[in-house]
1. So which trypsin sites (Lys or Arg not before Pro) in the range 155-213 end up in coil per DSSP with only 14 or fewer other C-beta atoms within 10 Å?
2. Would you order Thr187, Thr281 from fewest to most other beta-carbon atoms within 10 Å of each residue's own beta-carbon?
3. Could you tell me how many degrees, from 0 to 90 and to the nearest 10, lie between the Cα long axis of helix 141-154 and the main elongation axis, the longest principal axis, of the Cα atoms of the chain?
4. Can you figure out the FRET efficiency of Asn112 with Arg151, using R₀ = 22 Å and their beta-carbon distance, to the nearest 0.05?
5. Which of these, Leu99, Leu157, Leu26, has the largest mean-square fluctuation under a Gaussian network model of the chain (Cα springs below 10 Å)?
6. Determine ³J(HN,Hα), in whole Hz, for all residues of the range 35-46 in sequence, where each value follows from phi through the Karplus function 6.51 cos²θ - 1.76 cosθ + 1.60 and θ = phi - 60°; x replaces Gly and Pro.
7. Excluding Ala117 itself, what net charge comes from residues whose Cβ is under 14 Å from its Cβ, given Lys and Arg +1 and Asp and Glu -1?
8. Lys and Arg at +1, Asp and Glu at -1: add these up for the other residues within a Cβ distance under 13 Å of Thr58 and post the number.
Amino acid sequence: MTAKIIDGKAFAATVREKVAVHVARLKDENGITPGLAVVLVGEDPASQVYVRNKGKQTAEAGMASFEHKLDADTDQATLLKLIDDLNNDPAVHGILVQLPLPGHMDEDLVINAIDPAKDVDGFHISNVGLLGTGQKSMVPCTPLGCLMMLRDHYGSLSGLNAVVVGRSNIVGKPMANLLLRDSCTVTVAHSRTRDIEEVCRRADILVAAVGRPGMVTGDWVKPGATVIDVGINRVEKPEGGTRLVGDVEFASAVEVAGAITPVPGGVGPMTIACLLANTLTACCRANGLTEPEGLTA
Ligand code: NDP
């Protein structure tokens, strides 16, 4: 059996299109333009690429994009003042502080300074608590993207066995909470899990968010399961240069799974699409307007 490939690139394009249609309507009917502010501290090359892509896709969706670039040696008080200004700016509906921050800054303190209603990354402690208790919140973009693809594939996730490998605050834990909210039976595996292969083989839905290239091989996968590969790992090619691979060994897993996301072109493109969706959601909530259907958790 060869799995269906879940095309995250195409799916992300449809999400961006839905966002753009809704944004155009907001402008026409309500005179409101959703705005996303992205704050980058320092010159980390990967972060610069992410921020550029976010700005480009925000503008393409018809939203206002505000970029704030601060030097790596900016003091924390200056960053907190900027966040306070953005919290109070009515043109800004979403605020994203690009992580990681330079070592002299307290990431938790900075993230928790963002107005939770504008926290489009869903990392503020209030949003984490709301999600954990099944209440309306801003949801982290990567797990939201995974959830959208799973709902699209299955319709209802109710009663399915889900195993999430990885327990980070940005992917593993919110993913587990979202799956639980959709009535999956959820197991979270991590570096101390015993017989992890056996645990994974029980999964109807297997989400890998580990950061270890190709760790999950085909013999960890239950025949017919859906495999969502969150990992983004850059590895050396034998012929020189590098390429991106996931946490799943695609070649063996694709022979066993029922459906699988590739890397690249799976979860990755969904992450920015969900950032745009979250910004639109935040804007609708801020203005007491109906939220876009199918773009939230
Ligand atoms: P973290 O490093 O924060 O967390 C990794 C998790 O994997 C930890 O919970 C760790 O367990 C677990 N782990 C590590 N080694 C093993 C092992 N041998 N067996 C079982 N579990 C293990 O990573 P992130 O969650 O931030 O990211 C995970 C991956 O997803 C990375 O490749 C990252 O690049 C990618 N990513 C992709 C995004 C996208 O847009 N597609 C967005 C964000 C991340 P423990 O807690 O016990 O240490």
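Just so it is clear, none of the values below were taken in a lab; they were calculated from the coordinates. Note that this is a predicted model, so its numbers are computed, not measured. Virtual Cβ from ideal backbone geometry, glycine too; neighbours counted across all protein chains shown.
1. Arg192, Arg194, Arg202
2. Listing Thr187, Thr281 from fewest to most nearby Cβ atoms yields Thr187, Thr281.
3. 50 degrees
4. It comes out at approximately 0.15.
5. Greatest mean-square fluctuation among the candidates belongs to Leu99.
6. x, 10, 9, 10, 10, 10, 10, x, 10, 3, x, 4
7. Around Ala117, the charge tally is -2.
8. Local net charge: +2.
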